[in-house]
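Structure first, then comments.
What follows draws every value from the coordinates through simple rules; no lab data is involved. As the structure is a computational prediction, the values presented were derived from the model and not from experiment. Cβ coordinates were reconstructed from backbone atoms using ideal geometry, including for glycine residues, and neighbour counts include every protein chain displayed.
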């Protein structure tokens with residue numbers, strides 16, 4: 001079963017600054033609590049990471065997954081999907097960046113399908129932890 005969530009936040013920074021931090025994958029372990037390590041595997045002709053491998057904490061264990069990024073709507077949207085993972089069957093997500101005066105509204109959409117079904121209360125806790133990444137992104141951008 002696919003579980004999905006969406007959340008928005010207004011960040012006190014311009015769109016370009018928000019997009020820059022969101023695509024600075026090498027530094028995710030500094031601010032994204034559950035991300036322990038990132039490795040950029042490939043970049044596009046503009047030098048932007050297109051395939052990134054992650055090691056993260058999830059459900060009380062360490063997990064590995066690889067995401068492929070799509071910059072077709074940059075800098076207004078950054079989309080991704082999972083190409084490889086151990087406890088997830090699929091991950092599809094995006095950050096949408098929308099000007100809000102001198103600030104930026106970021107909307108985080110994420111759909112995850114796990115290999116093993118989880119009880120409802122465990123899934124809700126995991127969803128809250130995943131969506132907390134948006135608040136961590138906001139803190140990083142505004143710092």
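Got at least one residue in region 80-94 being closer than 22 Å to residue 10 by Cβ, touching a strand residue (DSSP E or B) at 6+ places or on another chain (Cβ under 6 Å) and touching a residue at least 12 places away in the same chain (Cβ under 8 Å)? The answer is yes, given that some residue of region 80-94 is closer than 22 Å to residue 10 by Cβ, touching a strand residue (DSSP E or B) at 6+ places or on another chain (Cβ under 6 Å) and touching a residue at least 12 places away in the same chain (Cβ under 8 Å).
Considering only region 1-52, how many residues are surrounded by 18 or more Cβ atoms within 10 Å (Cβ to Cβ) and in a helix (DSSP H, G or I)? So the count comes out to 7. Just one of the numbered conditions (1) touching a helix residue (DSSP H, G or I) at 6+ places or on another chain (Cβ under 6 Å); (2) more than 15 Å from residue 133 (Cα to Cα) is not true of residue 86: (1).
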